[in-house]
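Beneath this line is the structure, given in structure tokens, with notes to follow.
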Amino acid sequence: MIGSLVADYLTDAIQDAASDTSGSLAEYIPELANARPQNLAAAFAMADGTVHGAGDVDVPFTIQSISKPFVYALALAERGFDEVLRKVGVEPSGEAFNQISLEVGTGRPFNPMINAGALATHALIGPSGGDAHERAQRVVDGLSAFAGRRLVVDESVCSSEMETAHRNLAIAHMLRSYGILEEDPRAVVDGYIRQCSVLVTTRDLAMMAATLANHGRHPLTSEQIVDESVVRQVLSVMATCGMYDAAGDWVTQVGIPAKSGVAGGLIGALPGQVGIATFSPRLDRHGNSVRGVNLFHRFSSDMGLHLMSVPPASRAVVRSHRIVGDGADVIRVLQLQGGIRFAGAERIVREVADASPGEHTVALDLTLVSSIDDVAQRMLVELARRLTIDGCRVILIDPESVVSETHLADAGSIDVVPRLLLASADEDRLTARM
Ligand code: GLU
């Protein structure tokens, strides 16, 4: 009962969303026109792999364009940023997903989320000049790694789309004529359509999105599928280009990096928090799922998921600031807490600087610190180094080693201890024993 709190919320949300029967199925792919329009599902996958779901979460459908950010991630991981950026830009096009247009001058597709960019990205998987079938299989393997289970291609959707792929073929030929594609355009379209025809469920998509939200590490298999730097690039492109020509509306109103697909899937990845997926096949004029878009609007406002709404990090990092002990044993102790990033570290540095400690010993207690990013570590280490230059003894209470050895090496002579031991039962009479 208690455990189903989030699932109950999702059940309510999809019941409300079900009444909207507007939009239409993607008829340009004949097989998709046969989809069951009333299908509806929503799932949240958390960073520890827990999935909360409601509705048809285990009904399979083809991934379509939701494959694009994942294949972009695989291309970045395999080829590196420079090579990928030479072939595919990162600018929102403001155009429909299947627009036949390229950047003036370079001939690059505007971004990897429109078909032109996705075709060029697909061709970057595997060795250049490699076999097209092996490339497509490598893409399916990569998507499977993100899902955490072996995914398969829906052969009937795949052949159905190939029969009517004139537009994608036109785009691929255009890319070939600009030298963005060096392979046979037909083979690339073939592979790209296989990529789009991979079967997933809403549960799979939530898990794939959670892998992006979880800095590239799969929540259940713990496999680091791609680097954190790749994930940052992918989420940035999703935020600005993921919803086609509705990207501006999306980022302002929903504020979750997202990607939709014409079979009715929609994913959102909120870094550090949650992977979200919805499924409902009727599409709006942009090609995005009508009910999916509505559900994401609701999730974002009900649960404060907008990327730009972040809690004030700096005010809360210093939990207490006390002088303890007496005589020669007097210590200034700053107890820090939570996640510390730049603004939090700046606050700590300023608090110490404003106090201009007269005490011989300053202790920074990191026991309650859950995370501290690279810049914050460097700032605290530099603070410690400067204090020691001023003649202070600095103690870092760091029981879980949240500050890395590499940073500590730059700190000069500071004492790192797991805890400050009490000399007596009196909490305020602390003595450091090392
Ligand atoms: N396979 C589809 C196409 O290339 C994907 C489009 C989409 O999902 O937006 O036309």
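The values are calculated or read from the model by the stated rules, or taken from the named source; none is laboratory data. Quick caveat: nothing in here was measured; it's all calculated off a predicted structure. Please note: Cβ atoms are built from the backbone with ideal geometry, for glycine as well, and neighbour counts cover all protein chains shown.
A few remarks follow.
- Within region 249-290, being within 16 Å of the ligand (Cβ to nearest atom) and in a helix (DSSP H, G or I) holds for W250, V290.
- Among the conditions (1) at positive phi; (2) within 15 Å of the ligand (Cβ to nearest atom); (3) not basic (K, R), S160 misses just one, which is (1).
- Unique match (being of a type in the set (A, V, I, L, M, F, W, C), in a helix (DSSP H, G or I), closer than 28 Å to V251 by Cα and in contact with a Ser or Thr (Cβ under 6 Å, 6 or more places away or on another chain)) among V84, V71: V71
- Region 304-325, subset surrounded by fewer than 14 Cβ atoms within 10 Å (Cβ to Cβ) and at pLDDT below 85, residue farthest from P257 (Cα to Cα): R315
- Number of residues in region 179-203 that are within 16 Å of the ligand (Cβ to nearest atom) and of a type outside the set (A, V, I, L, M) equals 10.
- Among residues of region 2-35, those that are surrounded by fewer than 13 Cβ atoms within 10 Å (Cβ to Cβ), under 17 Å from N294 (Cα atoms) and of a type in the set (V, I, T), counted: 1
- Qualifying residue in region 315-333 (condition: touching a strand residue (DSSP E or B) at 6+ places or on another chain (Cβ under 8 Å), of a type outside the set (A, V, I, L, M, F, W, C) and within 16 Å of the ligand (Cβ to nearest atom)): no
- Entirely in region 134-248, the helices (runs of 4 or more DSSP H) that have 1 or more residues that are buried (at least 21 other Cβ atoms within 10 Å of the Cβ) and among the aromatic types (F, W, Y): 185-196
- Of all residues in region 355-373, those satisfying the criterion of being of a type outside the set (G, A, S) and modelled with pLDDT of 90 or more are T361, V362, L364, D365, L366, T367, L368, V369, I372, D373.
- Number of residues in region 43-100 that are without any contact (Cβ under 8 Å) to a residue 40 or more places away in the chain and over 22 Å from the mean Cα position of the chain (by Cα) equals 2.
- Within region 162-181, residues that are over 16 Å from E103 (Cα atoms) reach partners that are within 15 Å of the ligand (Cβ to nearest atom) and among the basic types (K, R) with beta carbons closer than 8 Å, at six or more positions or on different chains, in the pairs L169/R186.
- Index of the failed condition, Q38 passing every other in (1) surrounded by fewer than 24 Cβ atoms within 10 Å (Cβ to Cβ); (2) within 16 Å of the ligand (Cβ to nearest atom); (3) over 27 Å from G272 (Cα atoms); (4) not basic (K, R): (2)
- Strands (runs of 3 or more DSSP E) fully within region 291-408 counting 3 or more residues that are under 23 Å from the mean Cα position of the chain (by Cα): 331-340, 361-372
- Pairs are defined by a Cβ separation below 8 Å, a sequence spacing of at least 6 or placement on different chains, a first member in region 216-229 that is at positive phi, and a second member that is not in a loop (DSSP other than H, G, I, E, B); the pairs so defined are G216/A73; G216/Q224; G216/E228; G216/V230; G216/V231.
- Within region 8-25, the set of residues being in a loop (DSSP other than H, G, I, E, B) and in contact with a strand residue (DSSP E or B) (Cβ under 6 Å, 6 or more places away or on another chain) comprises just one member, G23.
- Exclusive hit being touching an Asp or Glu at 6+ places or on another chain (Cβ under 6 Å) and touching a residue at least 12 places away in the same chain (Cβ under 8 Å), set R282, R341, R347, R319: R341
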